[in-house]
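Enquirer: Mind looking over this structure? Questions follow.
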Amino acid sequence: MTENFNDKVVLITGGASGLGEACAQAFAAGGGRVAVADVSSEAVAGVVDRIEAQGGQAIGVTCDVTDSSAVEGMVKRVVDTWGRLDVGVNSAGIVTPITPVAETEEGDFDRLMAVNVKGVWLSMRGQIRQMLEQGGGSIVNMASALSIRVHPGSAFYVASKFAVAGLTRTAAVEYAQSGIRINAICPGNIKTPMFEKAVTDPETIAALQGLHPMNRLGKPEEVAAAVMWLASDAASFTTGSLLTADGGWTAT
Ligand SMILES: NC(=O)c1ccc[n+]([C@@H]2O[C@H](COP(=O)([O-])OP(=O)(O)OC[C@H]3O[C@@H](n4cnc5c(N)ncnc54)[C@H](O)[C@@H]3O)[C@@H](O)[C@H]2O)c1
């Protein structure tokens, strides 16, 4: 990785799997001190062990991003450990099964919105409060190509990712003069545990792959590279952007 994150303190929600884990590995390889936060404590410990085994610096924080006091505790733990917070990456997210709107259920809506929208809001709020105190920082939220396009059967997920785009852009404008840059990354379909659990039959995988002009799924490290650029000083004039990493999908 070209960007140098030496001594930068990076907090990643959903850091124990998929895109969050790829970001954790990439920032640690770039010299960052990485807090891996996730609801799954066992998976958190595994990622921390792997980072440390490669000579990186990491701590694990067990946190449910839908719980405001847990999120406050997460940011506090990072600041108690390393004294500051330079980068927040908000990747915790879930999907619900493909369902047309007429057949959707209230419980699924509440669960999805709680993690994908409230979780991003709470995490961002905690990160911004700390960044205001220390005089700056950078946040990257995990949005989606489905912050720009729609997908039949995914109304809740699409709504949640449009909301992430709205939260990102509004907050970016609010804090543009406070030294805090806030952006979102919009991945296409990426081969992560989430994707592999949600989509199993070869025909559907081929159809989803075909949505991308590159005619392949993305790799988690391809998203992590774009997140690192957004988080880095190289992106110093970039805030409120929705950067795609989608093999050209949203260009179609
Ligand atoms: N994989 C894709 O194709 C894709 C595409 C676009 C956007 N995204 C988004 O990227 C993000 C990461 O997805 P992924 O594919 O890496 O999924 P993943 O399931 O591999 O990882 C998500 C992580 O979030 C954690 N998590 C879930 N609920 C949580 C909660 N309440 N509190 C804290 N952590 C919680 C999970 O434990 C898991 O470790 C999500 O926001 C997803 O919507 C994924």
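The values are calculated or read from the model by the stated rules, or taken from the named source; none is laboratory data. Keep in mind that what you see is a predicted model, and the values were worked out from it rather than measured. Positions of Cβ are backbone-derived with ideal geometry, glycine not excepted, and every protein chain shown enters the neighbour counts. Each accessible area value is taken on the protein alone, full model and side chains, heavy atoms only, with ligands, DNA and RNA left out. Shrake-Rupley method; radii C 1.70, N 1.55, O 1.52, S 1.80 Å.
Enquirer: So, with a 1.4 angstrom probe, what is the percent of accessible area on the chain that is carbon and sulfur? Provide the component values of the computation, followed by the final result.
Expert: Working: 6100 of 11450 Å².
Solvent-exposed carbon and sulfur of the chain make up 53 percent of the total.
Enquirer: Shifting gears a bit: Please work out how much accessible surface Lys76 shows to a 1.4 Å probe, ignoring ligands, DNA and RNA, in Å² rounded to 10.
Expert: Counting only protein heavy atoms, Lys76 exposes about 120 Å² to solvent.
Enquirer: Using a simple spin-label model with points 7 Å from Cα along the Cα→Cβ vector, what separation in nm is obtained for Ser41 and Ser68?
Expert: Modelled inter-label distance: 2.5 nm.
Enquirer: Please give me the summed charge of the neighbours of Leu211: other residues whose Cβ is under 13 Å from its Cβ, Lys and Arg +1, Asp and Glu -1. The partial results should precede the final answer.
Expert: Working: positive: Arg149, Arg216; negative: Asp246.
In short, +1.
Enquirer: I'd like the orientation of helix 220-231 relative to the chain: the angle between its Cα long axis and the longest Cα principal axis, in ° from 0 to 90, rounded to 10.
Expert: Approximately 50 degrees, to the nearest 10.
Enquirer: Once you've got the Cα coordinates, tell me which of Lys161/Lys197; Lys8/Lys161; Lys76/Lys161; Lys161/Lys191; Lys76/Lys197; Lys76/Lys219 are over 24 Å apart.
Expert: Lys8/Lys161; Lys76/Lys161; Lys76/Lys197; Lys76/Lys219, as the Cα separations exceed 24 Å there.
Enquirer: Continuing with this model, one more query. Of Gly136, Gly55, Gly218, which is the most mobile in a GNM of the chain whose springs link Cα atoms less than 10 angstrom apart?
Expert: Result: Gly55 has the largest fluctuation of those listed.
Enquirer: Sorting Thr66, Thr13 by accessible area (1.4 Å probe), largest first, what list results? Could the numbers behind the result be given before it?
Expert: Numbers: Thr66 35, Thr13 5 Å².
Largest accessible area first, the list is Thr66, Thr13.
Enquirer: In degrees, nearest 10, range 0 to 90: what is the angle between the Cα axis of helix 155-174 and the longest Cα principal axis of the chain?
Expert: Computed tilt is about 30 degrees.
Enquirer: So how do Met194, Met228 rank on accessible area, 1.4 Å probe, biggest first, that is with the largest at the start? All intermediate terms of the calculation are to be shown ahead of the outcome.
Expert: Working: Met194 75, Met228 0 Å².
Ranking Met194, Met228 by accessible area, largest first, yields Met194, Met228.
Enquirer: Still on this structure: Using the heavy atoms of the protein chains and a 1.4 angstrom probe, tell me the accessible area per residue for the chain in square angstrom. Write down the numbers at each step before the final one.
Expert: Details: 11450 Å² over 252 residues.
Accessible area per residue: 45 Å².
Enquirer: OK, next. How much mean residue ellipticity at 222 nm does the chain get from its helices, if each DSSP H run of length 4 or more adds -39500 (n - 2.57) and you divide by all residues, to the nearest 500 deg cm²/dmol? Walk me through the numbers on the way to the answer.
Expert: On the way: 9 runs with 111 residues, N = 252.
Computed mean residue ellipticity for the chain: -14000 deg cm²/dmol.
Enquirer: Please list, by residue number, everything in the range 46-61 whose backbone N is under 19 Å from a paramagnetic label point 7 Å out along Cα→Cβ of Asp80.
Expert: Of the residues in the range 46-61, 58-61 have backbone N under 19 Å from the label point off Asp80.
Enquirer: Label-point separation (nm) for Ile98 and Asp7, each offset 7 Å from Cα along Cα-to-Cβ?
Expert: A separation of 5.0 nm, rounded to one decimal place.
Enquirer: If you rank Thr252, Thr99, Thr168 by how much accessible surface each has, with a 1.4 Å probe, what is the order from largest down? Mind dumping the intermediate values first?
Expert: Details: Thr252 100, Thr99 35, Thr168 0 Å².
The most accessible residue leads, giving Thr252, Thr99, Thr168.
Enquirer: Please find, in a Gaussian network model of the chain (springs between Cα atoms separated by less than 10 Å), the residue of Ala53, Ala24, Ala235 whose mean-square fluctuation is greatest.
Expert: Greatest mean-square fluctuation among the candidates belongs to Ala53.
Enquirer: May I ask you to derive the relative contact order of the chain, considering only C-alpha pairs under 8 Å and at least 6 residues apart, and to give it as an integer percent? Mind dumping the intermediate values first?
Expert: Working: 515 pairs, mean separation 48.3, N = 252.
In percent, rounded to a whole number, it is 19.
Enquirer: While we're here: Expressed in nm², what is the orientationally averaged projection area of the convex hull enclosing the Cα positions of the range 9-245? Intermediate results must be reported in sequence, preceding the final value.
Expert: Values: hull surface 49.9 nm².
Result: 12.5 nm².
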